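Q: So that we are looking at the same thing, I have put the structure below in structure tokens.
Each reported figure results from applying straightforward, stated rules to the coordinates on display, with no laboratory input. This structure is a prediction, so every number in the text was calculated from the model and none was measured. Cβ sites come from the backbone with ideal geometry, for glycine too, and all protein chains shown count toward neighbours.
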Amino acid sequence: MENNLKCQDSQKKLLKLFLSTLYISTFTFGGGFVIITFMKRKFVDELHWIEEDEMLDLTALAQSAPGAIAVNASILVGWRIAGFFGILIAIIGTILPPMLILSVISFFYSTFASNLYVALVLKGMQAGVAAVILDVVCELGLNIVKEKSIIKNLVMIVGFIATFFFHVNVIYIIVIATIVGIGKELWRFKEVKK
Amino acid sequence: MIYLELFLSFIQVGMFSIGGGYAAMPLIQSQVVTKHGWLTMSGYTDLITISGMTPGPIAINSATFAGMRIAGIGGAIIATLGCILPSCLIVSFLAFLYYRYKEMSALKSILSSLRPAIVALIASAGLSILSLVLFNGESIQPSNINWIDGGIFLFAFFLLRKYKWNPILVMCFCGVVGLSLHLLL
């Protein structure tokens with residue numbers, strides 16, 4: 001009986017995971033970070049399945065591995081929530097909507113691409129996407145500032161200036177932040193030894 | 001044999017595109033246009049436009065679109081699977097390492113300095129989209145500001161911050177408002 005309940009519970013979780021990834025993938029346009037912000041709202045703030053710090057760690061992993069960030073992030077979220085089946089479900093949920101939509105659109109893509117109304121709706125949605133991302137950024141950024149660590153704030157500010165103004169490749173930012181982390185650890189180790 | 005070739009090509013795209021979406025574009029171009037000649041350059045330009053304006057990850061969209069054009073529905077499925085296979089394996093392995101060792105102090109320290117960097121990357125992605133919205137991709141000057149879309153952005157931001165609206169609702173709302181304002185004004 002108890003086993004049965006547990007089984008139902010995990011089935012419900014898988015279904016919820018599937019529907020969430022399906023929903024996010026259907027409505028998010030553009031690159032990986034757009035999807036990451038929607039995932040954060042869904043899995044961290046709404047469902048409380050993942051901690052905020054953990055979501056940032058998963059983003060770092062998704063960004064460092066090859067492939068689409070959105071797919072990588074859903075693999076990680078899926079694994080975190082329901083192990084192997086979670087991965088499977090999350091991937092299917094993420095790739096199904098674009099596959100269906102693209103298959104249909106590829107038949108009449110030139111009409112679609114040159115339609116004025118489609119372009120206007122998409123332009124408006126783009127303004128909305130910018131607002132969603134920056135809303136999440138405000139929250140995450142303020143949380144980092146609140147920690148009052150000079151190194152962390154420095155990493156954030158320098159990282160932002162490097163990517164936004166100087167278009168430094170994302171990989172270098174990740175490598176340098178990793179080196180800063182290792183340096184910090186070595187420094188602490190030295191202090192302890194003293 | 002087109003399926004096998006398609007599969008192998010997109011495995012390479014999936015394996016070597018680090019950094020998401022647009023990083024995959026040159027790889028897709030070299031496989032699909034230069035190496036195999038499956039699409040012409042103008043077909044490839046359509047692919048970029050469509051992948052950017054339809055929902056879902058850009059890499060998956062372009063794999064589906066290219067596969068569909070080259071070998072129909074079967075091609076779309078094969079290309080998409082090829083594209084995600086390398087990530088599945090590598091990311092699962094990383095996930096395993098992360099959950100196994102995340103309590104280790106060295107890894108904790110690395111992760112704690114990676115987090116602010118990730119926030120910076122997300123901020124930069126968000127502001128790039130915002131500047132595209134505000135200036136329509138033209139040079140960044142006050143005279144080029146698109147006030148309608150800028151206004152929509154501010155209103156959306158206000159709804160999100162102040163009233164905690166659901167992000168997807170906000171986005172759809174912006175699409176409708178954008179269409180109506182541009183038609184009215």
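Q: Rounded to the nearest 500, what is the 222 nm mean residue ellipticity of chain A from helices alone, with -39500 (n - 2.57) per DSSP H run of 4+ residues and division by all residues? Provide the component values of the computation, followed by the final result.
A: Numbers: 8 runs with 160 residues, N = 194.
Value at 222 nm, helices only, nearest 500: -28500 deg cm²/dmol.
Q: Once the Cα gyration tensor of the range B:111-184 is diagonalised, what are the square roots of 5 times its eigenvalues, in whole Å and ordered largest first, as equivalent ellipsoid semi-axes? Can you show the working numbers first?
A: Details: eigenvalues 130, 71, 16 Å².
Values for the range B:111-184, descending: 26, 19, 9 Å.
Q: Take B:Leu184, B:Leu121 and order them by how many other Cβ atoms sit within 10 Å, fewest up front.
A: Numbers: B:Leu184 7, B:Leu121 28.
Ordered from fewest to most neighbouring Cβ atoms within 10 Å, B:Leu184, B:Leu121 come out as B:Leu184, B:Leu121.
Q: Once both labels are modelled 7 Å past Cα along the beta-carbon direction, what's the B:Thr45-B:Tyr101 spacing in nm?
A: 4.8 nm
Q: For peptide B:143-156, what's the mean number of Cβ atoms from other chains within 10 Å of each residue's Cβ? Intermediate values should be presented prior to the final figure.
A: Details: counts 0, 0, 0, 2, 0, 3, 7, 2, 1, 8, 8, 2, 3, 10.
The per-residue average across the peptide is 3.
Q: Also, quick follow-up: Starting from 0 in steps of 5 Å, tell me what percent of the Cα-Cα pairs of the range B:2-101 lands in each bin.
A: Percent of pairs per bin, in order: 2, 15, 25, 26, 16, 7, 5, 3, 1, 0.
Q: Related question: What's the exposure ranking of A:Met39, B:Met104, A:Met125, going from fewest to most Cβ atoms within 10 Å? Provide the component values of the computation, followed by the final result.
A: Values: A:Met39 24, B:Met104 12, A:Met125 29.
Ascending number of Cβ neighbours within 10 Å: B:Met104, A:Met39, A:Met125.
Q: Convert each backbone phi in the range B:171-176 into a coupling constant with the Karplus relation 6.51 cos²θ - 1.76 cosθ + 1.60 (shift: θ = phi - 60°), then list the ³J(HN,Hα) values in order as whole Hz, x for Gly and Pro.
A: 5, 5, 4, 4, x, 5
Q: Still on this structure, I have one more. Determine, at each q value in 0.07, 0.10, 0.15 (inverse angstroms), the log₁₀ of I(q)/I(0) that the Debye formula gives when each Cα of the protein assembly as shown is one equal point scatterer.
A: -0.32, -0.65, -1.41
Q: Hey, with R₀ at 22 Å, roughly what FRET efficiency would A:His167 and B:Ser139 work out to, going by the Cβ-Cβ distance, to 0.05?
A: Numbers: r = 16 Å, r/R0 = 0.73.
Plugging the Cβ-Cβ distance into 1/(1 + (r/R0)^6) gives 0.85.
Q: Give the Kirkwood hydrodynamic radius (Å, one decimal) of chain A, defined as one over the mean of 1/r across all pairs of different Cα atoms.
A: On the way: mean 1/r = 0.0520 Å⁻¹.
Roughly 19.2 Å, rounded to one decimal.
Q: Bin all alpha-carbon pair distances of chain B at 10 Å intervals from 0 and give each bin's fraction as a whole percent.
A: 8, 25, 26, 27, 13, 1
Q: Further, regarding this structure: About the Cα centre, and with charges only on the beta carbon of Lys, Arg (+1) and Asp, Glu (-1), how big is the dipole of the protein assembly as shown? Nearest 20 debye, please.
A: On the way: 26 positive and 19 negative charges, 157 e Å.
Taking the Cα centre of the protein assembly as shown as origin, the dipole is about 760 debye.
Q: Here is a follow-up. Between A:Ser110 and A:Ile179, how high is the FRET efficiency from 1/(1 + (r/R0)^6) when r is the Cβ-Cβ distance and R₀ = 51 Å? Nearest 0.05. Show your work: numbers first, answer last.
A: Numbers: r = 48 Å, r/R0 = 0.94.
It comes out at approximately 0.60.
Q: Starting with the fewest neighbours, write out A:Asp45, B:Asp149, A:Asp135, A:Asp9 ranked by other beta-carbon atoms found within 10 Å of each beta-carbon. Kindly include the intermediate steps, with their values, before the conclusion.
A: Working: A:Asp45 14, B:Asp149 27, A:Asp135 23, A:Asp9 10.
Going from least to most buried by this count: A:Asp9, A:Asp45, A:Asp135, B:Asp149.
Q: Follow-up question, since we're still on this one. Please give the average number of partner chain Cβ atoms lying within 10 Å of the Cβ of each residue in A:108-118, rounded to a whole number.
A: Details: counts 0, 10, 3, 0, 5, 5, 1, 0, 3, 3, 3.
What the average comes to for A:108-118 is 3.
Q: Taking square-rooted eigenvalues a ≥ b ≥ c of the alpha carbon gyration tensor, is the range A:79-162 rounded, prolate or oblate, where a/c under 1.5 means rounded and, failing that, a/b exceeding b/c means prolate? Provide the component values of the computation, followed by the final result.
A: Working: a/c = 3.42, a/b = 1.49, b/c = 2.29.
Oblate.
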